[in-house]
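Participant: Sharing a structure, written as C-alpha cells. Questions coming.
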Amino acid sequence: MSILRVIDPGLSTTVQDGGRNGHMTSGVPVGGAADVLSLRIGNRLLAQPDECAALEITLVGGIYETTQPTTICLAGATATDVTIEGTSTSRAVPVWTPTPFAPGERLGIGPLVDGARVYLCIAGGIATPLVLDSRSTHAGSQLGVPGRTLQAGDELALSTPATDAHCHRLSAQTAAGIESHLARRTLRVLPLAHHEHFSAIADDQLFLRTFTISDLSDRTGTRLDGPKVPSPPKLEVSEPALPGVIQIPPAGRPIILGPDGPTTGGYPMPYAVITADLPALAQRRPRDPIRFERTTPERAREEALRVQTLLDAVASPEPS
Amino acid sequence: MPRFRITHHGDRAVRIEFDAAAIGRAPSLAESLRTNAPPWLVDAVATARVALVVFDPAKVSVANIWSTIETLASEGPRRSARVAQTHTIPACYHSSLAPDLEPLAADLGMTTGELIALHTSAEYTVESLGFQPGFAYLAGLPAQLCVPRFPEPRPRVAAGSVGIAGERTGVYPHQSPGGWRLIARTAVEFFSPANTPPALLGVGDTVRFESVSLHHFSRIGAAR
C-alpha cells in the first residue's frame, strides 16, 4: 500500500474530508475542511470525488514524502517556496496544478502568504479509517486517525487512484474567479432568531466597523478583535448552532463558530455567515481585517449557485 | 396544538422554537425527522425547546421544507423510537481526583460529605448535548450547589471529571480546557464512536450520581 510520510508537519496540519453529518445529536461537530471549496477543487483537478480526504495545512506548510509514484494538487492559499526536490532536480509546484510526485522526492511547502489554509490533495485520497462516517480529525475528542494534528514521523495510508483518471487543468479565468471569491473580506450574513434581542447599536457596530481576526482563532472558532458589540442579557439556555454562526459573549467580542465548534451555543447569536462565504472566512489570516454585510436568503441562494458554477467550471464531478 | 415559531438559521437550516408548555416536542421532532430520513435531511438536533433541522439546499426548496416542518411540528407528539433512559453513574468524590471538592465545600460552608450528599441526592435531566462530543448539560442541580464557573477556564480538565457550574452539572468525556468546578471523577465512558449513537446520554434522559470509593474507582479504571 502507498503511504504519505510526514517529515515536518508545519504548524497545524490535520486530515480533513467533507466532514461527518448526522451526529450533532451526540454533540459531534460536522468538522471537515474549513475551506471546503478549495478541497473540492483540488480533488476535481485530480479527477476524483469532491470530498476525498486531504491534508489541511494551516499557515505553515511542511515536508512530505511518498512511497509510490502519485500525483498531488495544492488547493487554496499560495505558499512560498513550494518545491519537489529529487536527488538531482528540483521543480516548483504551483497552486491548483496536478503535479507528479515520486518516491525519493521531497515535497516542501513554505509559509502561506495570501490565505490561511492550503489543501494537499493526493491522487486516490488519504485512506485512514472512517470514524463516524468520516476521516476528518476532530482533535478535541481525538476523532479520526490519528485524531490529532500531524507529527513528524506520521504515516498516512493512501488509496489507489483510478487508473483511468485524467487530471484537469484550471483555466486562468476560472482560477481568477475562485481566487477572488476566496479573497473576500466582507462576509455576508443572515439574521437569526436572537437578532430581536440585540439593540440597534449592535447592528451599527457589526455593519459599520471593521474587525480583525484574532491570533486565538482556530478550527473551533474565529475570534474577532475590534469594536465591542453590546450583547443582550444571557438567554435562557444553550441551543443548537451551526458553523458560521456569530456568537456575542458578554464581553462583546464576536466569535464565529468554526467546523470543529460546539454543536450548541450558550451565547446570544444575532447572525450567521452565509455558506458561500465560509471558505473565504477560513482563508482569513490572524490580523486580517473583515467586515460584515447583511443579506437576504434569496441572495444567499444565488451566491451558493454561483459557487457551484465556479466549481463546475473546474471539471465535472466524479461519482463518489 | 403546541405553539411554535419557525425561523431561518442561516441558509441551510431552520430553527423551531416551541413554547415552554410543549416540553419534549423539540427533541421528538428532531428524532422523528432522523427516523424518517427524508433525502434532503442533513441532520436534526434539539435542546429542550429548540430544534434545528439542517437540510441540503440543492435537494429541497426553502418553502417546501418550511411547510414540511410546520406540518410535523403541529402534529401530536410522536412515539419516539428512543425511550428516555435512566443512568446511574458511579463517581468517586475524592480530592485526589477532584481539585475543587474541598475548596468549594469550604466556600459553601459545608463539609465535603454534605456536598457529596447533595450532589448524589438529585435526579438530573439531560437538557442538551454540546460543548464536546458526548458532553451533556444536566439540569436539576440543588440550589445550594449553584456556583458560577471560573472566570478563566483551567487549561486541562481530565476526562471523566464531574463538574458543576451555574444551575447545571456535567461530565467531561474528553480531556480539554474547562471552567466548571470539579467535584468528582467517573470511569464511565460517555462517548464512543463504536456505539450507535456514540453518546451515552440523550436529551430527556435521567441521570443520578452514586458515590464510590477510591478503591472501587481504580478497579473500574484498571478494567477499562
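The values are calculated or read from the model by the stated rules, or taken from the named source; none is laboratory data. Since the model is a prediction, treat every value here as computed from it, not as a measurement. Reconstructed Cβ throughout: ideal geometry from the backbone, glycine too, with neighbour counts over all protein chains shown.
Participant: Testing A:PRO49 on (1) within 14 Å of another protein chain (Cβ to nearest Cβ); (2) surrounded by fewer than 24 Cβ atoms within 10 Å (Cβ to Cβ); (3) not aliphatic (A, V, I, L, M), one condition comes back false. Which one is that?
Facilitator: Condition (1) is where A:PRO49 drops out.
Participant: Exactly one condition in (1) more than 9 Å from chain A (Cβ to nearest Cβ); (2) over 30 Å from B:THR186 (Cα atoms) is not met by B:GLU17; state its number.
Facilitator: Going through (1) more than 9 Å from chain A (Cβ to nearest Cβ); (2) over 30 Å from B:THR186 (Cα atoms) one by one, B:GLU17 breaks only (1).
Participant: Taking the condition surrounded by fewer than 20 Cβ atoms within 10 Å (Cβ to Cβ), of a type outside the set (Asp, Glu) and within 12 Å of another protein chain (Cβ to nearest Cβ), does B:SER61 pass?
Facilitator: yes
Participant: A follow-up question, please. Could you please give the count of residues in the stretch A:187-205 that are surrounded by 15 or more Cβ atoms within 10 Å (Cβ to Cβ) and assigned to a loop (DSSP other than H, G, I, E, B)?
Facilitator: 2
Participant: Collect the residues in the stretch B:20-57 that are part of a loop (DSSP other than H, G, I, E, B), more than 20 Å from B:GLU127 (Cβ to Cβ) and within 8 Å of chain A (Cβ to nearest Cβ), keeping them in residue-number order.
Facilitator: B:PRO57
Participant: So in the stretch B:32-47, with the set limited to residues that are of a type outside the set (Ser, Thr, Tyr), in contact (Cβ under 8 Å) with a residue 12 or more places away in the chain and surrounded by fewer than 24 Cβ atoms within 10 Å (Cβ to Cβ), which one is nearest to B:ARG3 (Cα to Cα)?
Facilitator: B:LEU33
Participant: Taking the stretch A:206-230 as the search range and keeping residues that are among the polar types (S, T, N, Q) and surrounded by fewer than 22 Cβ atoms within 10 Å (Cβ to Cβ), which one is farthest from A:THR58 (Cα to Cα)?
Facilitator: Applying the filter and picking the extreme gives A:THR210.
Participant: Going by the conditions given, is A:ARG44 away from every other protein chain (no Cβ under 14 Å), modelled with pLDDT of 95 or more and over 12 Å from the mean Cα position of the chain (by Cα)?
Facilitator: Yes.
Participant: Now a separate question. Have a look at A:THR89, A:THR78, A:THR97, A:THR66 and point out the one that is more than 30 Å from A:ALA241 (Cα to Cα) and free of Cβ contacts under 8 Å to residues at least 40 places away in the same chain.
Facilitator: Exactly one residue qualifies, and that residue is A:THR89.
Participant: Assess whether B:ARG168 counts as being out of contact with any Lys or Arg (no Cβ under 7 Å at 6 or more places or on another chain), of a type in the set (Lys, Arg) and closer than 22 Å to B:ARG49 by Cα.
Facilitator: Considered against the rule, which asks whether it is out of contact with any Lys or Arg (no Cβ under 7 Å at 6 or more places or on another chain), of a type in the set (Lys, Arg) and closer than 22 Å to B:ARG49 by Cα, B:ARG168 comes out as yes.
Participant: Related question: For the subset of the stretch A:167-182 comprising residues that are of a type in the set (A, V, I, L, M, F, W, C) and surrounded by 13 or more Cβ atoms within 10 Å (Cβ to Cβ), which member is nearest to the chain's Cα centre (by Cα)?
Facilitator: So, considering only residues that are of a type in the set (A, V, I, L, M, F, W, C) and surrounded by 13 or more Cβ atoms within 10 Å (Cβ to Cβ), the one nearest to the chain's Cα centre (by Cα) is A:LEU182.
Participant: Only one residue in A:ILE126, A:ILE122, A:ILE63, A:ILE72 is more than 14 Å from chain B (Cβ to nearest Cβ), crowded, with 21+ Cβ neighbours inside 10 Å and either touching a Lys or Arg at 6+ places or on another chain (Cβ under 7 Å) or within 30 Å of B:ALA158 (Cα to Cα) (or both). Which one?
Facilitator: Going through A:ILE126, A:ILE122, A:ILE63, A:ILE72 in turn, just one is more than 14 Å from chain B (Cβ to nearest Cβ), crowded, with 21+ Cβ neighbours inside 10 Å and either touching a Lys or Arg at 6+ places or on another chain (Cβ under 7 Å) or within 30 Å of B:ALA158 (Cα to Cα) (or both): A:ILE126.
Participant: Next up: Taking the stretch A:212-232 as the search range and keeping residues that are in contact (Cβ under 8 Å) with a residue 12 or more places away in the chain and within 14 Å of chain B (Cβ to nearest Cβ), which one is nearest to A:PHE198 (Cα to Cα)?
Facilitator: A:GLY221
Participant: Does the stretch B:139-154 include one or more residues that are over 25 Å from A:PRO240 (Cβ atoms) and within 14 Å of chain A (Cβ to nearest Cβ)?
Facilitator: yes
Participant: Pick from A:THR174, A:THR222: which is part of a strand (DSSP E or B) and of a type in the set (S, T, N, Q)?
Facilitator: On inspection, the qualifying residue turns out to be A:THR222.
Participant: Tell me the strands (runs of 3 or more DSSP E) entirely within the stretch B:115-224 that contain at least 2 residues that are under 10 Å from the mean Cα position of the chain (by Cα) and of a type in the set (A, V, I, L, M, F, W, C).
Facilitator: Here the list reads B:124-129, B:136-139.
Participant: Next question, about the same structure. In the stretch B:70-84, is there at least one residue being under 23 Å from the mean Cα position of the chain (by Cα), buried (at least 19 other Cβ atoms within 10 Å of the Cβ) and not in a helix (DSSP H, G or I)?
Facilitator: no
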